[in-house]
Amino acid sequence: MSDDAPREETHKDPEAPDDGGAEAPDDAVAAELVARFDGAVFVRSHGQPVVYADRSTWHDVAAFLRDDQEFTMCIDVTVVDHLGTPERITVDGVAPERFEVVANYLSHPRNRRIRVIAEVPQSDPEIASVADLYPGANFPEREAYDLFGVTFTGHPDLARILMPDEWVGHPLRKDDAPARVPVTFKGNRS
Amino acid sequence: MSLEETRLERQTDEGAQELRPSELVLTGGQWPDGERDGDTMIINMGPQHPSTHGVLRIMMELDSETVVRAKPVIGYLHTGMEKTGEELSYVQGCTNVTRMDYASPLSNELVYATAVEQLLDLDVPERAQWIRMLLCELNRMSSHLLFQATNGMDLGAVSMMIYGWRDREETLRVLEKITGLRMNHNFIRVGGVAADLPDGWREDLLELCELVERGVQDYETLLSSNPIWLERTVGVGHITTEECLAQSITGPILRSTGFPWDLRKAQPYLAYDQVDFDVIYTENGDVFDRYRIRLYEILESIRIVRQCVEKMPGGDYRVQDLKVTPPPRARIDESMEALIHHFKLFTEGFRVPAGETYAAVESPRGEIGCYMVSNGTAKPARMHIRGPSFYNLQAMGPMIDGCMVADAVAIVSSIDPIMGEVDR
């Protein structure tokens, strides 16, 4: 029923203009990140602070958050595949790519969260692992690699975790549709 | 015959005396070959092992009875629920996520519904929030009672298993009366809950609270000072706060290390800031502490349930937004608009503006989160559930290293993983 035709207008985050432009993050941690790292852009998404970081600074951002900003826990690392998305948030200053690697960090002493997103192109799906800083990112990065085929360089044990080791493909990619998995009928030729 | 046997015995006795037993007694120490370093064995516990709570496989490297290393191997229950979530509309999604953590389905539904509501900028009526809170606490009780049962069973306290299942069943009976199903309720929907509370819910809940409270006292008497229980649990599977934070471990395991972190207090959602309860935490970080924390959290949940019974506000149990909430059944017969809304909602679903958000709540196992990306259609572009068990399993390595095989069972049990949520 849903119309799959791409929309004309691109969606803008409705709260971004109210903040008076992206130059003035109203979040202390985000302001530090934007000031310190090239290409970092702050957006407030449904009240939550989000920083779009360049992929090359991914590991440094995590190190900065852990060592200087008291972000004690990496809550989650995951990937989003934007292939064929009819409508997508566009953020000024960020070139959209097919994959987005998303990490949620939580600071217990400061009781705040921040989300860091990096754009990863289809041609070179690779990003630095943060498992050496946050050992808890080990499993989620393996999961992201398994289901999306994004390689995390420097990961201690980047093997498939949910799918069988001999599995071909990465099931959560949009072009890996479940219906395309061939059904084989073994040993029954008649 | 009997004479012969008697003589044989006598001969053996004398022979044994002559053999000077001291020469035969083996004293401790190294085996003669001395190849101790490489002399370890790798065995698999699971995936079909009764104490692994489903299909968890643990590869253990053993040095005789000591576990040198342990590595959890998961994926045996992977059913692609996140992929399924992209195929289902937002209306249907709750049915999918509720099957992830099947011991606390309402937390899953809550976090899913919260994420969609954030994307829609939808405000949920107060009564719906209180009903959600009430159900989540009932669910916490049933989940922790399940833990008490299986934990007792794993450590050989079989009567505890019977008691735990019995009280859990009573809790599920009340949940069934409210939601219509024992498990996988699909009751917390986007915009509120599926139905109002049934008649007589107050009496049922108060009766249940009394029953479970009595039960918890019984378990305390049965286990907490039982020397065999203490022998099996105290000091076993130790973990520190630093290790927990580094490994992204949340929930009772984190609180057992002396770190009182509970999202219900730290980042209150629903109406948790309007009820009075304590965060239970202990200092030792061992199996016994994790057992006790879960035991006392049942009592805290009972406190919250009692306050819900007392303070439950009136009003709507779901938001009166025609795009999100289906019309009442009676309206469909008389109103064309209602029929259209009903039809559109259950064929296409409602559209959610493009955006992305992360919602987190405290499930019985820790922080359960939902990262949701919408693309303007009626189906999510990405629906990722951060299952706490998935992360908590990472604690297994540091906990098991150096302990005995029998303790490994106790440790896995105290992590309380739900494999449906780990593998999704």
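Could you tell me which of A:Ala159, B:Gly85, A:Val50 has its Cα farthest along the dipole of the protein assembly as shown towards the positive end, charges placed at Cβ (Lys, Arg +1; Asp, Glu -1), taken about the Cα centre?
With unit charges placed on the Cβ atoms, the residue in question is B:Gly85.
For the protein assembly as shown, give the magnitude of the charge dipole about the Cα centre (Cβ charges: +1 Lys/Arg, -1 Asp/Glu; no others), in debye to the nearest 20.
Roughly 1520 debye for the protein assembly as shown.
Run the numbers for A:Ala95 and A:Ser123: contour at 0.36 nm per residue of separation, minus the present Cα-Cα distance, in nm.
Between A:Ala95 and A:Ser123, full extension yields an extra 8.6 nm.
Check the protein assembly as shown and count each lysine pair with an alpha-carbon distance under 22 angstrom, considering only pairs eight or more places apart or from different chains.
The result is 9.
Rounded to the nearest 20 debye, what is the charge dipole size of segment A:19-180 about its Cα centre when +1 sits on each Lys and Arg Cβ and -1 on each Asp and Glu Cβ?
380 debye
Label-point separation (nm) for B:Asn284 and B:Thr95, each offset 7 Å from Cα along Cα-to-Cβ?
Between B:Asn284 and B:Thr95, the simple spin-label model gives 4.7 nm.
At 20 °C and 1.002 mPa s, what whole-number value in µm²/s does Stokes-Einstein give for the translational diffusion of chain B, with Rh from the Kirkwood sum over Cα pairs?
So the translational diffusion coefficient is about 90 µm²/s.
How high is the FRET efficiency between B:Val309 and B:Asp218 when r is their beta carbon distance and R₀ equals 30 Å, given to the nearest 0.05?
0.80
For an R0 of 22 angstrom, estimate the FRET efficiency from the Cβ-Cβ distance between A:Ser56 and A:His108 and round to the nearest 0.05.
On the way: r = 29 Å, r/R0 = 1.30.
The calculated FRET efficiency here is 0.15.
Just want to confirm a number: the relative contact order over segment B:345-424, from Cα pairs under 8 angstrom separated by 6+ residues, in percent.
Answer for segment B:345-424 is 24 percent.
What is the mean number of Cβ atoms from other protein chains located within 10 Å of the Cβ atom of each residue in peptide B:81-87, rounded to a whole number?
3
Near the amide H of B:Glu367, under 5 Å away, which other amide H atoms are found, from residues 5 or more places off or on another chain, if H is placed in the peptide plane?
Under 5 Å from the amide H of B:Glu367: B:Thr250, B:Gly251.
For segment B:48-145, what class follows from the C-alpha gyration tensor (a ≥ b ≥ c being the square roots of its eigenvalues): rounded when a/c is under 1.5, otherwise prolate if a/b is larger than b/c, else oblate?
Numbers: a/c = 3.31, a/b = 1.98, b/c = 1.67.
Prolate shape, in that a/c is at least 1.5 and a/b is the bigger ratio.
Report Rg(Cα)/(2.2 N^0.38 Å) for segment A:118-175, keeping two decimals.
1.08
Can you tell me the relative contact order of chain B? Whole percent, Cα pairs under 8 Å, sequence separation 6 or more.
Answer for chain B is 25 percent.
Gain in length, B:Lys177 to B:Gln274, computed as 0.36 nm per residue apart minus the alpha-carbon separation, to one decimal in nm? Don't skip to the answer; put the middle values down first.
Values: separation 97, 0.36 × 97 = 34.92 nm, distance 2.58 nm.
Result for the pair: 32.3 nm of gain on full extension.
Rounded if a/c is under 1.5, else prolate if a/b is larger than b/c, else oblate: which is segment B:240-352, with a ≥ b ≥ c the root eigenvalues of its Cα gyration tensor?
Prolate.
Output the relative contact order of segment A:19-180, whole-number percent, from Cα pairs under 8 angstrom with separation of 6+ residues.
Worked out over segment A:19-180, it gives 19 percent.
What does the average come to when, for each residue of peptide A:72-84, you count the partner chain Cβ atoms lying within 10 Å of its Cβ?
What the average comes to for A:72-84 is 6.
Note down the nm distance, to one decimal, between modelled labels 7 Å out along Cα→Cβ at B:Met404 and at B:Asp321.
A separation of 5.8 nm, rounded to one decimal place.
Once the dipole of the protein assembly as shown is set up with Lys and Arg at +1 and Asp and Glu at -1 on Cβ about the Cα centre, which of B:Phe390, B:Val67, B:Phe343 lies farthest towards its positive end?
About the Cα centre, the residue reaching furthest to the positive side is B:Phe343.
May I ask for the net charge around B:Asp289, where only other residues with Cβ less than 11 Å from the Cβ of B:Asp289 are counted and Lys, Arg are +1 while Asp, Glu are -1?
+2
Please give the charge dipole size of chain B, origin at the Cα centre, charges +1 on K and R Cβ atoms and -1 on D and E Cβ atoms. Round to the nearest 20 debye.
The calculation lands at about 1580 debye.
If I take R0 = 41 Å and measure r between the Cβ atoms of B:Leu339 and B:Glu231 in this structure, what FRET efficiency does the formula 1/(1 + (r/R0)^6) give, to the nearest 0.05?
That pair, B:Leu339 with B:Glu231, gives E of 0.05.
Checking the a/c ratio against 1.5 first, then a/b against b/c, what shape does the Cα gyration tensor give for the protein assembly as shown?
prolate
Taking amide H positions as placed 1.01 Å from N in the peptide plane, with prolines and chain starts having none, which residues 5 or more places from B:Leu122, or on another chain, fall under 5 Å of its amide H?
Here the answer is none, since no amide H 5 or more places off falls under 5 Å of that of B:Leu122.
Between beta-carbons, use under 9 Å as the cut-off and find the net charge around B:Glu356, counting Lys and Arg +1, Asp and Glu -1.
Around B:Glu356, the surrounding residues sum to +1.
How are the C-alpha pair distances of segment A:19-180 spread across 5 Å bins, as whole percents from the shortest bin up?
Going out from 0 Å in 5 Å bins, segment A:19-180 shows 2, 9, 18, 21, 20, 15, 9, 4, 2, 0, 0 percent.
In nm, to one decimal, how far is the B:Asp123 label point from the A:Ala28 one, both placed 7 Å along Cα→Cβ?
For B:Asp123 paired with A:Ala28, the spin-label model returns 2.9 nm.
Select from B:Cys136, B:Val116, B:Leu197 the residue farthest towards the positive end of the dipole of segment B:86-239; place +1 on Cβ of Lys and Arg, -1 on Cβ of Asp and Glu, and compute about the Cα centre.
Farthest along the dipole direction, towards plus: B:Cys136.
Quick note: the coordinates plus some simple rules give every number you see, no bench work behind them. Fair warning: this is a prediction, and the values are worked out from it, not measured in the lab. Neighbour counts run over all protein chains shown; Cβ positions are idealised from the backbone, glycine included.
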